[in-house]
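A.B. asks: Just passing along the structure, written as structure tokens.
The values are calculated or read from the model by the stated rules, or taken from the named source; none is laboratory data. Fair warning: this is a prediction, and the values are worked out from it, not measured in the lab. Cβ coordinates were reconstructed from backbone atoms using ideal geometry, including for glycine residues, and neighbour counts include every protein chain displayed.
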Amino acid sequence: MSPLSQSEDTAYTLNDAVGLRSAVNRIVHDTPLTDIHTHLYAPAFRDLLLWGVDDLLTYHYLIAEFFRLSDMPYGQFWALDKTGQADAIWQTLFIENAPLSEACRGVLTALHRLGLDTSSRSLADYRAWFAEQDAAEHVSRVFQVAGIQSAVMTNDPFDDTERAVWENGYEADPRFHGVLRIDPLLNDWQSARPKLAAGGYRVSYTLDAETLSEIRRFLNTWAERFNALYMAVSLPPDFAYPEDSARATILRECVLPVARERNIPFAMMIGVTRQVNPALRLAGDGVGSASLGPVERLCAGFPDNKFMVTMLARENQHALCVVARKFRNLLVFGCWWFLNNPSLIEEMTRMRIEMLGPSIIPQHSDARVLDQVIYKWAHSREIITRVLRHKYADLLETGWVVRESEIKRDVEALLGGNFWRFVKG
């Protein structure tokens, strides 16, 4: 976005607070963004790209909510095909009950902004509309509606289906950027080792010198293939560093050296407790509060590495901001998973800006279904606008003059500029 000329660069004072609010609203809603963490795929990945109303309705947020309001046995639900599951969820959450939750409202926001008549409550009509769409064209449409320039994928070399696409000559789609996701490598080395061995890597269960060297070769190979902007892992609440474990050894001897050599960040998403209710399958994960000590020790112990961190428990958000104030090699990002609710997003965004200024990434979609980015960004832009209006108004109260070019600068940083500077710096 080109800077404003001096004559166009409106200066707002306390006497023009209304104009300031209007400018912030316009700029936040008009600024294209980079969605720095999603679970979306380019159309070339075919069935891995989820989109359409049935995928929206069978997302794990809504599945968990469905079982709160339905007496259907778990086994009966899982025996249904996707259409049958979507029918059950629609009937229970949208027809028999008001769709008041953020997940339900999000489905309606996405449908509405795509031009569908939500007042009709006609699931058949919505399915018919999506059936007429071309996947690649729909990606462009959704990105335009959401104001997204590009999205960062989550790419897993341990997933057989995805790996086959990369190995068979994936042609890069400029709308999508790659990331190397390494959860099995760090969280379950005993299960990950056979995958590496099958790929021709000389690895043993013992983390000897050759095995560590081969893990580094594996990371470099896939980071290069993905053109990965960063490496990422989801970690449990009891994540510790340092400790005597395979995870700590691989992190210290392999992940951090490769990230440093390639000048890419290591992203940690901390706080998920896996399968607290296995009957819910993907919807069965929970949350736990974590210690910030490992993050502090990693940032201090590896000052030449770059770290990105988001945490799942509300209780961890203040401490994370404090750590970020101490380490400039740490970038705080997003309101993850159970925190993706308007009241919590606003609380966290206000706190982060009050403590860290505009040096954060306030949001990422974490979307698994393409159409979700519409509602996640529509709802988040409203909150970011509200927070910034208040913060700039606070400046006016001090006699400070706020220029429109400065608002544009700050918003561009928050919606992607900070990320790109951190990644490329």
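A.B. asks: List pairs: first residue in the stretch 60-78 and closer than 17 Å to GLY286 by Cβ, second residue in a loop (DSSP other than H, G, I, E, B) anywhere in the structure, Cβ distance under 7 angstrom, at least six positions apart or on different chains.
C.D. replies: So the pair list comes out as GLU65/SER101.
A.B. asks: Are there any helices (runs of 4 or more DSSP H) wholly within the stretch 48-147 with 2 or more residues that are under 20 Å from the mean Cα position of the chain (by Cα) and closer than 28 Å to ARG381 by Cβ, and if so which?
C.D. replies: Those helices (runs of 4 or more DSSP H) span 53-57, 60-69, 102-113, 135-146.
A.B. asks: Could you go through the stretch 160-171 and let me know if any residue there is modelled with pLDDT of 95 or more, within 21 Å of THR58 (Cβ to Cβ) and crowded, with 17+ Cβ neighbours inside 10 Å.
C.D. replies: Yes, the stretch 160-171 has at least one match.
A.B. asks: Give the residue, chosen from ARG252, ARG325, that is modelled with pLDDT of 95 or more, under 20 Å from PRO236 (Cα atoms) and surrounded by fewer than 20 Cβ atoms within 10 Å (Cβ to Cβ).
C.D. replies: The match here is ARG252.
Conditions tested, residue by residue: (1) touching a residue at least 24 places away in the same chain (Cβ under 8 Å); (2) among the aromatic types (Phe, Trp, Tyr).
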residue: ASN155; (1), (2): yes, no
residue: PHE158; (1), (2): yes, yes
residue: ALA164; (1), (2): no, no
residue: TYR170; (1), (2): yes, yes
residue: ASP173; (1), (2): yes, no
residue: VAL179; (1), (2): yes, no
residue: ASP183; (1), (2): yes, no
residue: PRO194; (1), (2): no, no
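A.B. asks: Conditions: (1) surrounded by 20 or more Cβ atoms within 10 Å (Cβ to Cβ); (2) touching a helix residue (DSSP H, G or I) at 6+ places or on another chain (Cβ under 6 Å). ALA42 meets all but one. Number of the miss?
C.D. replies: (2)
A.B. asks: Here's something else I'd like to know. Looking only at the stretch 172-193, which residues are surrounded by 20 or more Cβ atoms within 10 Å (Cβ to Cβ), farther than 26 Å from ASP238 by Cα and among the hydrophobic types (A, V, I, L, M, F, W, C)?
C.D. replies: PHE176
A.B. asks: Return the residues of the stretch 131-159 that are in contact with a helix residue (DSSP H, G or I) (Cβ under 6 Å, 6 or more places away or on another chain) and surrounded by fewer than 19 Cβ atoms within 10 Å (Cβ to Cβ); say none if nothing qualifies.
C.D. replies: The answer is ALA135, ALA136, VAL145, PHE158.
A.B. asks: Those residues that are under 24 Å from LEU69 (Cα atoms), among the small types (Gly, Ala, Ser) and either exposed (fewer than 15 other Cβ atoms within 10 Å of the Cβ) or in contact with an Asp or Glu (Cβ under 6 Å, 6 or more places away or on another chain) (or both), I need them from the stretch 104-130; list them, please.
C.D. replies: ALA110, SER119, SER120, SER122, ALA124
Condition check ((1) under 21 Å from the mean Cα position of the chain (by Cα); (2) more than 30 Å from ASP47 (Cβ to Cβ)) across all residues:
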residue: VAL369; (1), (2): yes, no
residue: GLN372; (1), (2): yes, no
residue: LEU395; (1), (2): no, yes
residue: GLU406; (1), (2): no, yes
residue: GLU412; (1), (2): yes, yes
residue: LEU415; (1), (2): yes, yes
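A.B. asks: Hey, among the residues in the stretch 392-407 that are in contact (Cβ under 8 Å) with a residue 40 or more places away in the chain, assigned to a helix (DSSP H, G or I) and of a type outside the set (Ser, Thr, Tyr), which one's farthest from LEU20 (Cα to Cα)?
C.D. replies: This residue is GLU397.
A.B. asks: OK, next. Just to be sure, is SER234 of a type in the set (S, T, N, Q) and free of Cβ contacts under 8 Å to residues at least 12 places away in the same chain?
C.D. replies: For SER234, the condition - of a type in the set (S, T, N, Q) and free of Cβ contacts under 8 Å to residues at least 12 places away in the same chain - is not met.
A.B. asks: Something else now. Any residue that is within 17 Å of the chain's Cα centre (by Cα) and more than 30 Å from PRO174 (Cα to Cα) - is there at least one of those in the stretch 258-279?
C.D. replies: Yes, the stretch 258-279 contains at least one residue that is within 17 Å of the chain's Cα centre (by Cα) and more than 30 Å from PRO174 (Cα to Cα).
A.B. asks: Taking only the stretch 316-334 into account, find how many residues are within 17 Å of GLY271 (Cα to Cα) and free of Cβ contacts under 8 Å to residues at least 60 places away in the same chain.
C.D. replies: Result for the stretch 316-334: 8.
A.B. asks: Ok, one more. Taking TYR201 as meeting all but one of (1) modelled with pLDDT of 95 or more; (2) under 25 Å from the mean Cα position of the chain (by Cα), write down the number of the exception.
C.D. replies: All conditions are met except number (2).
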